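Below is one structure, written out as structure tokens; comments come after it.
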Amino acid sequence: MNSDLVIKDLHVSIEDKEILKGLNLTVKAGTIHAIMGPNGSGKSTLAYTLMGHPNYTVTGGEVWYQGQNILELEADERSKLGLFLAFQYPVSIPGVTVANFLRSAINAHRAEEGKDPKTTSIPVAEFRKQLREKMAALEIDESFVRRYLNEGFSGGEKKRVEILQMAMLQPKMAVLDETDSGLDIDALRIVSQGVNTLYKQQPEMGVLVITHYQRLLNHIQPHVVSVMFDGRIVHSGGPELALELEEKGYDWIKTEVASRQ
Amino acid sequence: MKYFPTLSELTDEQISTVARNAGEPEWLIERRVAAWRSFAASEPPFWRRTDLSKFKPEEVAAPTSAQGTAVQWDVQLAKQGVIFMPLSAAVREHEALVKQYLGTAIDWQAHKFNALHAALWQDGVFLYVPKGVSVDVPLLTVFTLSNSNRASFSHNLVVLEPNASVTFIEEYTSPDIDGQAFSSPATELVLGNGSSLRYVTAQHWGKGVYMIGSQLAKVGDNASLDWAALNLGGTVQHIEAETYLGGTGSKVDWTAATFAGSGQLLLTAPWLRHVGAHTEGHMEFKTVINGNGYTVFDGMIKIEKDSRATISRLEEHAIHLSDQGRSDSIPGLMIDTNDVQRAGHASTSGQVDDEMLFYMQSRGIGREEAIHMIVTGFFETVLDRVPDQELRDRISEVIEQKI
């Protein structure tokens, strides 16, 4: 099975407005791939569409992962295939604690058809041990296990808990949507470390880092950088491209795209 | 156990005979007979939303004696002067106290069913906490109905003397009934100055139960009431509830969880009256509707003329799990003073939030399970306030089954 994420000619609309206009991109297993682009280029639309948000209508194209066109799958099925999205704006779930939520998610991943969930679910002691270790690494206070998920969390706390979820679920293909937004330098370092640690533990993992700014890429070093503009990938290169964008801004991309048409 | 014939055949002689045989004092017998006459003479109340057209009082036998009020009791408490016993026994053993408070909160003439209750109550408890006594263990009382016992008129009277504190839990539960049964509970809560009461009222009646109830709390100076209501069972529920913030600086934190499934009408009419100065009231009412269930929130906040610097807030949130359900919300706010510190209202109603569902599904949790978790989570803030793990488990199980 192919563990690359292969996006072919993807067209996506929200409320009849086309946002992605024939996007092609391959994120190879084992690589860290950054997508940069100005506001409004469709980066978050791509992230939500990959995960299967119901408000985004796919009007054309395919997304292949693990031998399937995942556009036909519900979000939970995509997650179980190994896909993960770290949200730019995580949703709060009142009345559901961080611990409860994570245990349910892990057990959903471990569930097997025709088997009693009791036999497949994670043993409580093992779950607690993992959770404690990973929270410590992300410098999240232990009291958070009993707090309702994202309820009253600061921006930085939410992002750390996104990475905590990623660390616990151990995805094979992780999409980070503007994970750096709203983070101070310390939080940025902790969150990036979390991503790097997981990548080191499972080097076959693919990571798609979506960001507006280059600063995140100082911490999570990409192998490939692609530039997105007006619903398409318009430019790809090595890590040096990120620095070039930081230095020159996005205007030259716009000029270049205009000159091609 | 002997019964009166049925509700529709009862007479005032029968009522006074039964009361006399039970050794009740004359003043109480007179009250019962007067209430019965008022019931017999009055028209049914005009309730726009509570549909009693299918209720058949002729099928429901009235009880002639207390049917065993279950009381959890700690002997240590008696040494502190705490009284916790069936109200029918308290009438004999603590007559002066009962006479002083019984019927002082609930207006038995408000409508026909209150009069019926005042005429016929048999079950229920009397809880009395003396001045300055603080009871640490929650005190629980349970009421049941069965196919052989189709009517229950329970009256709980809770009195806290100044600076007393206690947790009182009442639970109403039964299996599904073949045909119909009738429950007419009333609870009067009297909070002396500086006292503090945590009150939990939970009903998870089986199918076939018609419940028409009253709950009223009078809150004294600087006294505080924490009230959590769980409305889950029965065929029809009509509860009129009131918190009367009469004392200066009196407070209530009032929360409710209602879950109506197919074939259920669950109505709550909570009134919050701000009468004293510097009173504070917070109401948070949460509702879930499934199948063709129907819920009504007919609430009112009234800020009286002489209250000053009032703080009052009402929040209502409803989740619809199906397209066939209905929930009516009729919140009212009457302000008769110019001196309000803060008064506000917020409400939401709709299906399970798509963004929450997507977020949970993106972590691998299936849609059904995600809805389950969101709904139980929605009620969690109310369940958090039930200080009895076993009751919480029973309620959680009922909620699970209803989703």
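Against the test of being under 29 Å from the mean Cα position of the chain (by Cα) and modelled with pLDDT of 95 or more, the options B:Ile365, B:Ile335, B:Ile319, B:Ile330 yield a single qualifying residue, B:Ile319. From the list A:Leu25, A:Leu85, A:Leu73, the lone residue that is modelled with pLDDT of 95 or more and open to solvent by 30 Å² or more (accessible area, probe 1.4 Å) is A:Leu73. Among the helices (runs of 4 or more DSSP H) confined to region A:154-250, the ones with at least 1 residues that are under 16 Å from the mean Cα position of the chain (by Cα) are located at A:155-169, A:185-201, A:215-219. Of all the listed residues (B:Thr381, B:Thr376, B:Thr295, B:Thr348), the sole one being more than 14 Å from every other protein chain (Cβ to nearest Cβ), in contact (Cβ under 8 Å) with a residue 12 or more places away in the chain, under 24 Å from B:Thr255 (Cα atoms) and among the β-branched types (Val, Ile, Thr) is B:Thr295. Can you find a residue in region A:164-173 that is within 10 Å of chain B (Cβ to nearest Cβ), closer than 30 Å to A:Val63 by Cβ and not aliphatic (A, V, I, L, M)? Within region A:164-173, one or more residues are within 10 Å of chain B (Cβ to nearest Cβ), closer than 30 Å to A:Val63 by Cβ and not aliphatic (A, V, I, L, M). Between B:Val137, B:Val166, B:Val200, B:Val159, the distinction of being farther than 25 Å from B:Pro57 by Cβ and in a loop (DSSP other than H, G, I, E, B) belongs to B:Val137 only. Only one of the numbered conditions (1) at pLDDT 90 or above; (2) open to solvent by 30 Å² or more (accessible area, probe 1.4 Å); (3) of a type in the set (Val, Ile, Thr) is violated by B:Ile403, and that is (1). Scanning region B:208-236 for residues that are closer than 29 Å to B:Tyr294 by Cα and of a type in the set (A, V, I, L, M) yields B:Val209, B:Met211, B:Ile212, B:Leu216, B:Ala217, B:Leu225, B:Ala228, B:Ala229, B:Leu230, B:Leu232, B:Val236.
Taking strands (runs of 3 or more DSSP E) as the structural unit, those lying wholly within region B:250-358 and holding at least 3 residues that are surrounded by fewer than 18 Cβ atoms within 10 Å (Cβ to Cβ) correspond to B:310-320, B:326-329, B:332-335, B:340-351.
Which of the residues that make up region A:203-236 are among the small types (Gly, Ala, Ser) and either free of Cβ contacts under 8 Å to residues at least 12 places away in the same chain or on the phi > 0 side of the Ramachandran plot (or both)? Passing the criteria: only A:Gly231.
The residues listed here are A:Tyr213, A:Tyr199, A:Tyr250; of these, the one that is farther than 24 Å from A:Pro171 by Cα and open to solvent by less than 60 Å² (accessible area, probe 1.4 Å) is A:Tyr250.
If the condition is being within 30 Å of B:Ile330 (Cβ to Cβ), β-branched (Val, Ile, Thr) and either at pLDDT 85 or above or not in a loop (DSSP other than H, G, I, E, B) (or both), then region B:32-80 contributes only B:Thr50. Looking at region B:142-155, which of its residues are surrounded by fewer than 23 Cβ atoms within 10 Å (Cβ to Cβ) and in a strand (DSSP E or B)? Passing the criteria: B:Val142, B:Thr144, B:Ser146, B:Asn149. Any residue at all in region B:351-359 that is touching a strand residue (DSSP E or B) at 6+ places or on another chain (Cβ under 9 Å) and away from chain A (no Cβ under 14 Å)? There is no residue in region B:351-359 that is touching a strand residue (DSSP E or B) at 6+ places or on another chain (Cβ under 9 Å) and away from chain A (no Cβ under 14 Å). When you check B:Ser134 against the structure, is it of a type outside the set (Val, Ile, Thr) and either surrounded by 22 or more Cβ atoms within 10 Å (Cβ to Cβ) or under 28 Å from B:Glu24 (Cβ atoms) (or both), yes or no? Here the answer is no, as B:Ser134 does not meet what is asked.
B:Tyr244 - would you say it is open to solvent by 20 Å² or more (accessible area, probe 1.4 Å) and out of contact with any Gly (no Cβ under 9 Å at 6 or more places or on another chain)? Taking the combined requirement at face value, the residue satisfies it. Just one of (1) open to solvent by less than 10 Å² (accessible area, probe 1.4 Å); (2) closer than 16 Å to A:Val27 by Cβ fails for A:Ile190. It is (2). Being surrounded by 16 or more Cβ atoms within 10 Å (Cβ to Cβ), at pLDDT 95 or above and more than 30 Å from A:Glu18 (Cβ to Cβ) is a property that holds for A:Leu169. Here B:Gly247, B:Gly233 are screened, and the one residue that is in contact (Cβ under 8 Å) with a residue 60 or more places away in the chain and not in a strand (DSSP E or B) is B:Gly233. Among the candidates A:Lys80, A:Lys129, the residue that is away from chain B (no Cβ under 14 Å), open to solvent by 70 Å² or more (accessible area, probe 1.4 Å) and either touching a helix residue (DSSP H, G or I) at 6+ places or on another chain (Cβ under 9 Å) or of a type in the set (D, E, K, R) (or both) is uniquely A:Lys129. Yes or no: A:Glu157 open to solvent by 40 Å² or more (accessible area, probe 1.4 Å) and at positive phi? When the stated conditions are applied, A:Glu157 does not pass them.
Residues of region A:100-126 that are open to solvent by 20 Å² or more (accessible area, probe 1.4 Å), assigned to a helix (DSSP H, G or I), within 14 Å of chain B (Cβ to nearest Cβ) and not hydroxyl-bearing (Ser, Thr, Tyr): A:Asn100, A:Arg103, A:Asn107, A:His109, A:Arg110, A:Pro117.
The values are calculated or read from the model by the stated rules, or taken from the named source; none is laboratory data. In this text the structure is predicted, and so the values were computed from the model without any measurement. In this analysis, Cβ positions are derived from the backbone assuming ideal geometry, glycine residues included, and neighbour counts consider all displayed protein chains. The area values use the complete protein model at the heavy-atom level, side chains included, leaving out ligands, DNA and RNA. Shrake-Rupley method; radii C 1.70, N 1.55, O 1.52, S 1.80 Å.
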